[in-house]
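Any read-out appearing in this document is the output of simple, stated calculations on the displayed coordinates, not a laboratory observation. A quick note: this is a predicted structure, and the numbers were derived from the prediction, not measured. For neighbour counting, all protein chains shown are included, and Cβ atoms are generated from backbone atoms with ideal geometry for every residue, glycine included.
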Amino acid sequence: MQRYSAACDEVFVAIGKGKAAKNDGDVGLSSDYFTHSSNDLAIHISLLFTTLLVHGTSPNNLVTSTVIPIPKGKGLNPTDSVIATETLR
């Protein structure tokens, strides 16, 4: 049987690599909450991810993602782009 785990130090490093002032677009979480949190949060996130990996399932509110296309190049108007929300099931 293979063991899955998300190590606390890996979660802590990932939190440190996050960009400031980024929002999830749905629930209202900001990356600032994670970067300014205590080290205890990395422990709890590690336990959560390990539990999700071991049991192979996750709650519906954790499987939603937001996709916002950003036009690149000259002559493109950002207001013409469509903000798409994709729910992964």
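A compact table of results
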quantity	calculated
Length-normalised contact order of region 1-49 in % [C-alpha pairs under 8 Å, at least 6 apart]	47
Ascending count of other beta-carbon atoms within 10 Å, so fewest first, for 43, 68, 15	68, 43, 15
